[in-house]
Amino acid sequence: MLLQEIVRHLNLNIFTANLNLEVEVTGGYTSDLLSDVIANAQEGNLWITLQVHPNVVAVGKLKDLAGIILVNNRQPEEETRRKAEEENLPLLGTKENAFIISGKLYALLTQKT
Amino acid sequence: MAKNRSDERENGLIQQFSITGGDFYHAGHVSTQIKEILKELGIDPNIVRRAAIAAYEAEMNVVMYAQKGLFTLEVTPQKIHFFVEDEGQGIPDIELAMQEGYSTATPEMREMGFGAGMGLPNIKKNSDIFKITSEVGKGTVLDIIIFINQGKNQ
């Protein structure tokens with residue numbers, strides 16, 4: 001499913017303006033430990049986390065993730081937002097917690113069409 | 001760079017990057033650059049992915065536990081070689097540090113999501129040859145080799 005459809009279905013905020021959201025999402029990974037994400041997330045995954053500091057962008061780029069969803073209405077640090085735009089990595093947000101948004105994303109990605 | 005990438009691949013490439021300890025804001029910059037270089041060299045994406053993981057963890061170790069470090073990247077047609085030397089606190093018990101889950105990260109680092117105790121194990125898993133030496137109070141040296149045409153494929 002394309003990222004832009006997920007953004008619409010899950011009503012996600014977009015912190016990075018003007019980035020292409022027509023990218024294929026292969027799945028999701030929920031974790032706040034960077035080494036865990038580096039080790040276990042897969043290319044094209046959407047990463048669900050509460051970490052808002054700029055290092056999340058480096059992790060996202062290194063793993064070729066489709067984007068990052070910040071949970072609990074957390075706002076990215078300005079440097080994080082700027083870096084994400086520079087690196088072309090969509091940074092999204094939700095008021096939901098990690099459990100709820102992971103469940104919704106899972107349901108969306110596994111629904112029968 | 002004036003040289004073309006295929007020449008570099010043929011003759012080997014050496015590039016050095018300095019890493020500043022404690023600079024969490026720029027952490028990941030060196031490994032991101034290295035990944036781009038490896039991609040541009042046309043190396044197999046699976047190998048690039050493994051190399052990127054090893055490079056990131058090696059870089060983060062310097063950022064977290066050293067004052068400064070020097071990351072040397074060498075690429076030949078056969079292998080990717082990372083040589084990372086830092087000036088820092090060193091590791092008193094390498095065997096313990098190699099255990100997954102063991103970490104000496106501070107509470108502040110853990111709050112940022114570092115200190116999962118997976119850094120060195122991640123390097124080992126994603127490299128073909130991994131050597132680590134350390135002297136307490138002086139620093140740590142990581143010697144990492146990933147073969148391009150053979151070895152583990154994940």
Worksheet, complete the sentence: In chain B, whole DSSP H helices that both stretch 24 Å or further along their axis by alpha carbon positions and average at least 0.0 on the Kyte-Doolittle scale are B:45-65
Fill in: Mean residue ellipticity (222 nm) of chain B, computed from DSSP H runs ≥ 4 via -39,500 (n - 2.57), nearest 500
-10500 deg cm²/dmol
Response to the item:
Amide H contacts under 5 Å for residue A:89, restricted to residues at least 5 apart in sequence or on another chain and with H modeled in the peptide plane, are none
Worksheet item: What list of ³J(HN,Hα) values in whole Hz, one per residue of the stretch A:24-41 in order, does the Karplus curve 6.51 cos²θ - 1.76 cosθ + 1.60 (θ = phi - 60°) give from phi, with Gly and Pro shown as x?
Response: 7, 9, 8, x, x, 8, 10, 6, 10, 9, 5, 5, 5, 5, 4, 7, 10, 5
Discussion item. Tell me the relative contact order for the stretch B:5-147 as a rounded percent, counting alpha carbon contacts under 8 Å between residues six or more apart.
Written reply: 26 percent
Worksheet item: To the nearest whole number, what is the average tally of beta carbon atoms from other chains within 10 Å of the beta carbons of peptide B:25-31?
Response: 6
Discussion item. Counting only other chains, and only Cβ atoms inside 10 Å, what mean value do you get across the residues of A:50-56?
Written reply: 5
Worksheet item: How far is the Cα center of the stretch B:62-105 from the Cα center of the stretch B:21-46, in Å?
Response: 15 Å
Worksheet item: Suppose R0 equals 22 Å; then what is the FRET efficiency for residue A:108 and residue A:87 from their Cβ-Cβ distance, rounded to the nearest 0.05?
Response: 0.30
Fill in: In nm, spacing of pseudo-spin labels at residue B:16 and residue B:131 (7 Å Cα→C-beta vector)
1.9 nm
Discussion item. Using helices alone, I'd like the mean residue ellipticity at 222 nm for chain A: each DSSP H run of four-plus residues gives -39500 (n - 2.57), total over residue count, nearest 500.
Written reply: -11000 deg cm²/dmol
Discussion item. Need one word for the stretch A:4-93: rounded, prolate or oblate. Basis is the Cα gyration tensor (sqrt eigenvalues a ≥ b ≥ c); a/c below 1.5 gives rounded, then a/b vs b/c decides.
Written reply: rounded
Discussion item. Order A:27-37, B:16-26 from most to least packed using the mean count of other Cβ atoms within 10 Å.
Written reply: A:27-37, B:16-26
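Counting only other residues whose beta carbon sits under 12 Å from that of residue A:83, what net charge do I get with K and R as +1, D and E as -1?
With Lys, Arg at +1 and Asp, Glu at -1, the neighbours total -3.
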Fill in: Neighbouring partner chain Cβ atoms per residue of B:101-110, average, 10 Å criterion
0
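Computed from the coordinates by the stated procedures, all read-outs in this text should not be read as laboratory data. Just so it is clear, the structure is predicted and the values come from calculations on it, not from any experiment. Heads up, the Cβs are rebuilt from the backbone with ideal geometry, glycines too, and the neighbour counts pull from every protein chain shown.
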